[in-house]
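Read the structure below first, then the notes.
The values are calculated or read from the model by the stated rules, or taken from the named source; none is laboratory data. Computed from a predicted structure; not experimentally measured. Here the Cβ positions follow ideal geometry from the backbone for every residue, glycine too, while neighbour counts run over all protein chains shown. To get the accessible areas, we keep the full protein, side chains included, count just its heavy atoms, and leave off ligands, DNA and RNA. Shrake-Rupley method; radii C 1.70, N 1.55, O 1.52, S 1.80 Å.
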Amino acid sequence: MNERKSPRAALLAACLGVIAACGGGTDGTGSPVPSAVGITTSGVMTKGSVIVNGVRFDDSAATVTDDRGRTASGLANGMVVKLRGRRIDSGSGIADRIDVENELRAAIASLDPASSPQSFVAAGITVLVESTTVFVNVAGFAALSTGARVEVHGLRDARGNLRASRVELVGTGVGADELRGATSSIDTGADTFVINGNINVNYARAAFSPAGAGESSLRNGTVVEIRGTLAGNVFTATQVDFEDLKDDSLRGSPDEEQNVEGFVSGFTAHPGSFLVNGRSVTTTSSTRFEDGTGGDLANNVRVEVEGIVNAQGVLVARKVEFHNIRVQLRGRATAVDAGAGTIVVLGQTVRSTNLTRIETRSSSGGSTSLADLVPNVDCVEVRATVEGSNIVAEEIKEPDSCGKERIQAPVSAKNDSTFTLTFFGAVNASLANTPKFLDRNEQAITRAQFFAAVVPASATSLGTLVEVEGDSLGAVEKAELKD
């Protein structure tokens with residue numbers, strides 16, 4: 001789990017601190033470690049030694065691959081890595097190989113400080129900067145300038161944007177220009193192809209890797225990493241690395257454990273198959289969810305997936321953990337500020353960004369603006385994440401009719417005497433006369449069983465995820481445990 005992740009990260013950090021004290025390679029007493037399980041993992045790392053997707057890997061004997069020649073001591077917060085190693089238990093492992101996977105190294109072409117989130121363009125890629133982005137050698141987004149050369153780590157979302165986990169200001173002498181992406185418009189006669197849809201690459205003088213790869217390995221859609229010199233939208237390559245061939249040992253073998261972090265794409269339904277950071281994943285009826293439910297899965301949602309690689313090379317998800325706590329709201333919009341990009345639903349202020357999908361009904365048959373919502377008249381359905389003290393919408397949709405009020409969110413407090421649940425520290429829902437209570441398997445339970453299972457948020461708990469629904473939250477008709 002990396003440092004940018006909400007309350008669960010703090011809980012894991014405390015646990016991992018105990019593991020760190022034991023030292024790598026032994027069980028803490030000097031005895032050899034127990035037999036370990038092979039594992040491949042990829043995502044944004046936290047230093048200490050290397051923490052990826054909640055597992056602390058001892059990197060003291062790992063082989064590190066990085067075009068800047070950094071060793072294990074040079075690995076740092078916010079870097080994206082791919083790792084092969086051995087997992088000892090649920091929280092610790094030993095790293096055998098670590099590949100540093102920055103997405104680009106190039107000069108900034110333009111900046112957009114007014115966008116939400118703030119962004120810049122480099123090597124033809126729109127880079128989105130978030131509150132958790134780590135900045136190195138520069139104070140922050142405000143200190144960036146057009147022409148400044150940066151190395152950026154992050155994860156591509158379903159729209160092709162790069163969600164930056166680390167932005168490092170680098171000089172012209174630090175490594176070659178670098179870019180990763182999928183190829184298209186291959187012209188072997190001219191020794192050219194296009195990468196990421198907008199950068200023209202000339203590979204006439206380039207070396208290919210790994211061994212055995214060459215021009216004949218090029219296919220539309222092939223993911224490559226190129227190094228050389230970028231001028232405008234023309235990249236003169238000196239090196240072309242084929243990611244699918246180079247990373248064969250990092251792809252995972254059948255029956256091995258694998259963890260992957262990234263944004264969902266190609267999603268249609270759960271249970272079902274989709275991609276996470278380009279990795280084929282399938283969920284089943286047995287897949288467990290944390291900080292959300294199977295109903296929260298959608299394209300462009302950031303997740304960490306843990307499971308086993310099957311014989312077809314697909315990651316079968318044992319657990320899917322959402323990057324931020326997922327919440328859903330349904331009710332009347334009591335206030336709308338289209339200029340500020342906010343609405344108030346069920347007493348909670350919901351913030352939209354440039355990435356929020358907005359769908360409202362209007363006389364023209366459809367719109368993508370909050371300005372079409374009429375306060376105290378129109379109802380909305382909101383899918384959002386909790387980021388610090390903010391509720392940030394991924395989707396705001398105006399339904400055909402208002403229907404029942406609904407909240408799906410972690411419980412912040414409960415009163416077993418009055419049968420009241422509190423959400424967001426302020427929204428109360430009365431379950432005193434609720435006729436229907438369901439467990440996590442959608443089986444009927446008693447009110448006493450339901451309240452006994454609810455754990456409010458605390459220093460050691462994020463709070464039980466619960467869904468309540470009724471004509472009003474003062475008279476909930478159905479309450480269901482969701483995780």
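Miscellaneous remarks
- Prolate/oblate/rounded call for region 356-483, Cα gyration tensor, a/c under 1.5 rounded: prolate
- Relative contact order (%) - region 241-400, alpha-carbon pairs under 8 angstrom, separation at least six: 18
- DSSP-loop GluC sites (Glu not before Pro) across region 422-483, with at most 12 other Cβ within 10 angstrom: Glu442
- Straight-distance crosslink candidates among lysines, where the alpha carbon sits under 30 Å from Lys82 and sequence neighbours closer than 8 are dropped: Lys5, Lys47, Lys246, Lys319
- Overall form of region 112-265 per C-alpha gyration tensor (a/c, 1.5; a/b vs b/c): oblate
- The chain, accessible surface, carbon-and-sulfur percent (1.4 angstrom probe): 50
- Loop-located GluC sites (Glu not before Pro) in region 361-436 (DSSP state other than H, G, I, E, B) with a sparse environment of at most 16 neighbouring Cβ atoms within 10 Å are absent.
- In a reduced charge model with +1 at each Lys and Arg Cβ and -1 at each Asp and Glu Cβ, region 132-279 shows a dipole moment near 460 debye about its Cα centre.
- Viscosity 1.306 mPa s, temperature 10 °C, Stokes-Einstein D of the chain from Kirkwood C-alpha radius, µm²/s: 65
- Normalising the average separation of contacting C-alpha pairs (under 8 angstrom, six or more residues apart) by the number of residues puts the relative contact order of region 69-216 at 19 percent.
- With R₀ set to 45 Å, the beta-carbon distance separating Ser110 from Lys404 gives a calculated FRET efficiency near 0.45.
- Accessible area (Å², per residue) of region 154-271, counting only protein heavy atoms and a probe of 1.4 Å: 42
- Counting only alpha carbon atoms, the long axis of helix 6-22 and the longest principal axis of the chain meet at about 60°.
- For region 116-190, a/c is not less than 1.5, where a ≥ b ≥ c are the root eigenvalues of the C-alpha gyration tensor, and a/b does not top b/c. That puts it in the oblate class.
- Region 107-211: trypsin sites (Lys or Arg not before Pro) falling in loop per DSSP and having at most 13 other Cβ within 10 Å: Arg159, Arg205
- The value given for region 271-320 is a Kirkwood hydrodynamic radius of 10.9 Å, derived from the mean inverse Cα-Cα separation.
- Under 20 Å between alpha carbons - lysine pairs in region 360-483 that sit 8 or more apart or on different chains: 8
- Evaluated with a Cβ-only charge set (Lys, Arg +1; Asp, Glu -1), region 211-365 carries a dipole of roughly 820 debye about its Cα centre, given to the nearest 20.
- Farthest towards the positive end of the charge dipole of the chain, among the residues Val138, Phe274, Val240, is the Cα of Val138, using unit charges on the Cβ of Lys, Arg, Asp and Glu.
- Size descriptors for region 232-343, from the alpha-carbon set: Rg then Dmax equal 18.5, 58 Å.
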